[in-house]
Amino acid sequence: MSAGPVLQAGNLLLRPWRDGDLPAFAALNADPRVMEFLPAVLDRAASDAMAGRIRDHFARQGYGLWAVEVPGVTDFAGFVGLNVPPFEAHFMPCVEIGWRLAVDYWGRGYATTGARAALHFAFDKLQLAEVVSFTVPHNVRSRRVMERLGMAHDPADDFDHPLLADGHPLRWHVLYRVGRTERKSL
Ligand SMILES: CC(C)(COP(=O)(O)OP(=O)(O)OC[C@H]1O[C@@H](n2cnc3c(N)ncnc32)[C@H](O)[C@@H]1OP(=O)(O)O)[C@@H](O)C(=O)NCCC(=O)NCCS
């Protein structure tokens, strides 16, 4: 079991990762529907490596991209949580909020419900002034989560993702922000 707090988020549990999550995580990372707006589907080794980086982030920072459990429904639906992006950009340093769920668990409000709890953690426990989120312009589902959370998009903030090569079709990203002072709308 990795270190890290457990957050109760409505009917969800945001919890530390377990080794038993790895097969289900690999299955969603191999699903082209889940990875449509990400650079590539991941094989088992790359998926396990990503889970390892997430667990390292919890160990280092005390928070991260929590595993989402829905008691009575599934032990592992995907992840929702907070992350320090590993690159330089005009909005760095920052903490981002992000999500990735298996397709079976889309359309149930899990990303929004989990993200609200993660934002409360960011503002109440971590005392952050701001949380950002970013994705490609065409990822409408993800943008809708950002908008439901009350995050604001200023086109002047949009940016080329530094980890994607010049000319990569997914390089251009939209950036959303929410500040602690806007939290009453959460
Ligand atoms: C982005 C992603 C997490 C969004 O999933 P989602 O199911 O659309 O988002 P939510 O979990 O917040 O659910 C919202 C939907 O559930 C419905 N819903 C049902 N019950 C709900 C509730 N209690 N609260 C909120 N929404 C609810 C909403 O009406 C909405 O449906 P709609 O899409 O038909 O309008 C998902 O599409 C995904 O994992 N995508 C692949 C990974 C990815 O692109 N991640 C982002 C990369 S930057």
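The values are calculated or read from the model by the stated rules, or taken from the named source; none is laboratory data. On a predicted model such as this, the values are computed, not experimentally measured, just so you know. Note: ideal-geometry Cβ built from the backbone for every residue, glycine included; neighbour counts use all protein chains shown.
So the values come out like this:
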item: Residues located in region 140-160, provided they are more than 20 Å from residue 95 (Cβ to Cβ) and either within 12 Å of the ligand (Cβ to nearest atom) or in a loop (DSSP other than H, G, I, E, B) (or both); result: 140, 141, 144
item: Count of residues meeting criterion [of a type in the set (D, E, K, R) and in contact (Cβ under 8 Å) with a residue 12 or more places away in the chain] in region 109-124; result: 1
item: Failed item in (1) surrounded by fewer than 18 Cβ atoms within 10 Å (Cβ to Cβ); (2) modelled with pLDDT of 95 or more; (3) under 17 Å from residue 135 (Cβ atoms), with residue 86 passing the rest; result: (2)
item: Residue within region 93-107 that is β-branched (Val, Ile, Thr), surrounded by 15 or more Cβ atoms within 10 Å (Cβ to Cβ) and more than 22 Å from residue 137 (Cα to Cα) present; result: no
item: Pairs where the first residue, in region 137-155, is on the phi < 0 side of the Ramachandran plot and hydroxyl-bearing (Ser, Thr, Tyr) and the second is within 9 Å of the ligand (Cβ to nearest atom) and in a helix (DSSP H, G or I), C-beta under 9 Å, 6+ apart; result: 142/111
item: From 23, 86, 39, 71, residue being within 16 Å of the ligand (Cβ to nearest atom), more than 25 Å from residue 165 (Cβ to Cβ) and not charged (D, E, K, R); result: 71
item: Candidates 15, 33, filtered to the one that is more than 23 Å from residue 135 (Cβ to Cβ) and basic (Lys, Arg); result: 15
item: Residues of region 68-106 that turn out to be polar (S, T, N, Q) and closer than 15 Å to residue 53 by Cα, as a count; result: 1
item: Region 112-132, residues that are in a helix (DSSP H, G or I) and within 16 Å of the ligand (Cβ to nearest atom); result: 112, 113, 114, 115, 116, 117, 118, 119, 120
item: Residue identified as among the basic types (Lys, Arg) and within 16 Å of the ligand (Cβ to nearest atom) among 15, 33, 60, 55; result: 33
